[in-house]
Amino acid sequence: MSKPIIGIIMGSQSDLKVMKEAAEFLEEVEIPFELTIVSAHRTPSRMVEYATNARDKGLKVIIAGAGGAAHLPGMIASMTSLPVIGVPVRSSNSIDGWDSVLSILQMPSGVPVATVALNGAKNAGILAAQIIGAFDKAVAKKLDAYKKGMKERVEESAKSIQKKGWKES
Ligand code: RP5
């Protein structure tokens with residue numbers, strides 16, 4: 001198996017139900033990735049080690065998901081110049097999800113985290129693939145096919161609604 005070029009990390013195993021959507025997308029477009037748990041609050045040294053070794057081990061993009069206070073994506077971004085995509089997770093300790101959205105989104109100038117929607121791990125996977133696809137033609141081709149598939153599904157739904165009317169779905 002090829003070496004992972006995308007790292008998916010999350011603050012807790014409880015984030016996996018959301019974060020697995022990023023992994024599933026990367027599997028679909030056949031981009032090698034690694035997935036693990038790194039907690040900013042419970043394993044701070046592991047977080048430093050992960051961020052500082054990421055580039056040397058071949059990663060090109062990091063997807064980091066966390067809920068509640070959600071420091072993980074920002075802290076990782078503070079220690080690497082690789083692009084970091086943040087996934088705010090609505091977790092058991094979230095007030096309503098806004099806590100993790102704002103924590104990940106409102107990074108100070110100089111340390112960006114590309115923040116996707118609450119629980120938006122699939123979009124994080126797509127965005128990471130698009131970053132890779134900017135330089136890799138084979139990945140770009142798969143992403144173009146994915147977009148074409150979405151377009152065709154909407155067109156089919158539109159046709160079916162026009163034919164059947166609004167009473168049937
Ligand atoms: C955050 O706290 C994690 O990312 C998770 O979303 C949340 C709750 O963690 P657990 O108490 O379920 O381990 O750090």
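The values are calculated or read from the model by the stated rules, or taken from the named source; none is laboratory data. Note that this is a predicted model, so its numbers are computed, not measured. Using ideal geometry, Cβ is built from the backbone for each residue, glycine included, and neighbour counts are taken over all protein chains shown. In case anyone asks, the SASA skips ligands and DNA or RNA and just uses the protein heavy atoms, side chains included. Shrake-Rupley method; radii C 1.70, N 1.55, O 1.52, S 1.80 Å.
By the Kirkwood approach, averaging reciprocal distances over each pair of separate Cα atoms, the chain gets a hydrodynamic radius of 16.8 Å. The calculated FRET efficiency for Ala134 paired with Lys167, based on their beta-carbon distance and R0 = 30 Å, is about 0.10. Placing R0 at 41 angstrom, the Cβ-Cβ distance between Arg153 and Leu16 gives a FRET efficiency of 0.90 after rounding to 0.05.
Applied to segment 13-22, the Karplus parametrisation 6.51 cos²θ - 1.76 cosθ + 1.60 on θ = phi - 60° returns per-residue 3J(HN,Hα) values of 4, 5, 7, 4, 4, 8, 5, 5, 5, 5 Hz, with x for Gly and Pro. Residues whose amide H falls under 5 Å from that of Arg90, counting only those 5 or more places apart or on a different chain, are Asn119, with hydrogens built in the peptide plane. State the extension gain, in nm to one decimal, for the chain segment bounded by Glu34 and Ser2, taking 0.36 nm per residue of separation less the distance between their alpha-carbons. Between Glu34 and Ser2, full extension yields 10.4 nm more. Computed over protein heavy atoms with a 1.4 Å probe, the carbon and sulfur contribution to the accessible area of the chain reaches 56%.
Work out, in µm²/s and without decimals, the Stokes-Einstein translational diffusion coefficient of segment 1-44 at 25 °C, 0.890 mPa s, Rh from Kirkwood over C-alpha pairs. Provide the component values of the computation, followed by the final result.
Numbers: Rh = 11.1 Å.
Result for D is 221 µm²/s.
Backbone geometry of segment 128-138 corresponds, through the Karplus equation with coefficients 6.51, -1.76 and 1.60 at θ = phi - 60°, to 3J(HN,Hα) couplings of 4, 5, 5, 5, 5, x, 5, 10, 10, 4, 5 Hz, x marking Gly and Pro.
Take 18-24, 40-46, 153-159 and order them by the average number of nearby Cβ atoms within 10 Å per residue, most first; the result is 18-24, 40-46, 153-159. For segment 82-87, 3J(HN,Hα) computed residue by residue from phi via the Karplus equation (6.51, -1.76, 1.60; θ = phi - 60°) reads 6, x, 10, 9, x, 10 Hz, glycine and proline entered as x.
The residues of the chain have, on average, 58 Å² of accessible surface per residue, using a 1.4 Å probe with all protein chains present.
For each pair in Lys3/Lys57; Lys20/Lys147; Lys60/Lys151; Lys122/Lys159, compute the distance between the two Cα atoms and list the pairs where it is over 19 Å. Over 19 Å Cα-Cα: Lys20/Lys147; Lys60/Lys151; Lys122/Lys159. A simple spin-label model places the labels of Tyr146 and Ala117 1.5 nm from each other, with each point 7 Å out along Cα-to-Cβ.
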